[in-house]
Amino acid sequence: MARIVFSVFGSAGDILPCIAVGNALKGEGHDVAFMTPRWVGLYPRSAGFRTLVSGDGSENQALEDIELFSAQFDGLASWRRITADYVYPLVNEYYESFLGILAREQPDLVIATAQGYWGSVGATELGIPWVSFHLYPQLIEIRDRRRRGLGSRFGGPMARWLIEQERRLGVTPTSVPTIDWGVSPMRTVGPHDPFVLANAGALPQSFGFPYNDEVFSLSTGPTDDVADFLGRSSAPTVVVSLGSFMGLVDSSFWQTMALSVADLHCSFLFVGLSSKDQREFTQDNVHATGHLPLSKVLPHADLLIHHGGIGSTYAGLFAGIPSLITPRAFDQCYNSRILVSLGVGALLPKSPHAYRNAIVGALTDTELSRRARALAPVLVPPQVAALSIGRELTDALR
């Protein structure tokens, strides 16, 4: 069996699908490791994978960077900022370290994600086959529309660094380096569900979304206080989440939401808050908690309010409940459009004064709920998706 290294950068939304595929590959007998920045490596290490880390952990500063939360230019402003301000400094300073790791490991295959450039460039330099596990069809569509002016400038210093590597290695120049080095000419697979993306444009081959959020809790389910809260009321239950890191720093959103729902006859579970915000925003009909697996609580919910991250998007789809989406950055506008087009979601109004009516409207919209329930069993089961994706990626070795 093969020795496989995942090259991953990002938050939980980027890493958890890789962990799911990694588990499937381990089940097939492969030796799987993760090559990541130091802080990012906590996720796969918690899931029991061998981690190959470099860097000083400064990438965790992105977790407190409120400027990353921008839906400007359909989320491209966020992509540009994280690529230029966080990925580039890491690659520029530690590429040789990552290259040394690959040289020592001598894997049979590198699986790179969209911004895991040390994997794709390093594999090219060492002559190791590399494939792409690409979570963001939005970026691939943008690359295919490059004549509109995106070109080699996107990502600023990161693009310039990649162009220099292309010259040094003597490889064919790419059109949009910061996107193209995340798309393998050998094989690229995307994790969105084929049914969900049936009407989308030029996309990588997709086998379903390998949803897995167990890394947020190695226990069997929510804590006792969360379980008690979910079970003590017959009122509609609404889960609110901003994903793996936005909710930790955006206290203003939780404050606004808590004030908006204070007198609603509903139970609200706020997920992913800092310890301080958990204490501040828990009230009679609101229980605020830290990270926990949405897969464990959404079966008890009637509505999910979220930011449109890929993990939260599929958590709601698999649970068969409708969504209200408040996109903040990256691919979240793209994902929100998918949910709206499927008729299983609506945008949360920009004005907090309209939150209450939007929530009541979504909870009483029987057609919205019916479509959400009907869609869930059509989706590829997560474990099937993980196994199919893993086999498709490793098929490049045959």
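The values are calculated or read from the model by the stated rules, or taken from the named source; none is laboratory data. Please read all numbers here as calculations on a predicted model, not as lab measurements. Every residue, glycine among them, receives a Cβ derived from its backbone with ideal geometry; neighbour counts consider all protein chains shown. With ligands, DNA and RNA removed, areas are computed over all heavy atoms of the protein, side chains included. Shrake-Rupley method; radii C 1.70, N 1.55, O 1.52, S 1.80 Å.
Considering only region 50-69, how many residues are surrounded by fewer than 16 Cβ atoms within 10 Å (Cβ to Cβ) and touching a Pro at 6+ places or on another chain (Cβ under 6 Å)?
Number of matching residues: 0.
Is at least one residue of region 41-55 aliphatic (A, V, I, L, M) and assigned to a strand (DSSP E or B)?
yes
Which of the following residues is under 29 Å from ILE389 (Cα atoms) and not in a helix (DSSP H, G or I): ALA103, ALA33, ALA24?
On inspection, the qualifying residue turns out to be ALA33.
Considering only residues that are open to solvent by 10 Å² or more (accessible area, probe 1.4 Å) and either touching a residue at least 60 places away in the same chain (Cβ under 8 Å) or of a type in the set (A, V, I, L, M, F, W, C) (or both), which ones fall in region 115-132?
If the condition is that a residue be open to solvent by 10 Å² or more (accessible area, probe 1.4 Å) and either touching a residue at least 60 places away in the same chain (Cβ under 8 Å) or of a type in the set (A, V, I, L, M, F, W, C) (or both), then GLN115, LEU126, ILE128, PRO129, TRP130 are the ones that fit.
Could you say which residue among SER120, SER97 is within 26 Å of ASP331 (Cβ to Cβ) and either of a type in the set (S, T, N, Q) or assigned to a strand (DSSP E or B) (or both)?
None of the others qualify; the one that does is SER120.
Pick out the one residue from GLY320, GLY308, GLY272, GLY343 that is in contact (Cβ under 8 Å) with a residue 24 or more places away in the chain, within 18 Å of SER11 (Cβ to Cβ) and touching a Lys or Arg at 6+ places or on another chain (Cβ under 9 Å).
Within the list GLY320, GLY308, GLY272, GLY343, the selection yields GLY308.
Just to verify a result, which residue in region 25-49, among those that are farther than 20 Å from LEU109 by Cβ and in contact (Cβ under 8 Å) with a residue 40 or more places away in the chain, is surrounded by the fewest Cβ atoms within 10 Å (Cβ to Cβ)?
Selected residue: SER46.
Of the numbered conditions (1) within 21 Å of VAL378 (Cα to Cα); (2) part of a loop (DSSP other than H, G, I, E, B); (3) within 19 Å of the chain's Cα centre (by Cα), LEU292 fails exactly one; give the number of that condition.
Only one criterion is unmet by LEU292, namely (1).
Can you name every residue in region 255-289 that is part of a helix (DSSP H, G or I), surrounded by fewer than 21 Cβ atoms within 10 Å (Cβ to Cβ) and of a type in the set (Asp, Glu)?
The one that is part of a helix (DSSP H, G or I), surrounded by fewer than 21 Cβ atoms within 10 Å (Cβ to Cβ) and of a type in the set (Asp, Glu): GLU280.
Here is a yes/no grid of residues against (1) touching a residue at least 40 places away in the same chain (Cβ under 8 Å); (2) outside any helix (DSSP H, G or I); (3) open to solvent by less than 10 Å² (accessible area, probe 1.4 Å); (4) hydrophobic (A, V, I, L, M, F, W, C):
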residue: ASN335; (1), (2), (3), (4): no, no, yes, no
residue: LEU339; (1), (2), (3), (4): no, no, yes, yes
residue: VAL384; (1), (2), (3), (4): yes, no, no, yes
residue: GLU392; (1), (2), (3), (4): yes, no, no, no
residue: ALA396; (1), (2), (3), (4): yes, no, no, yes
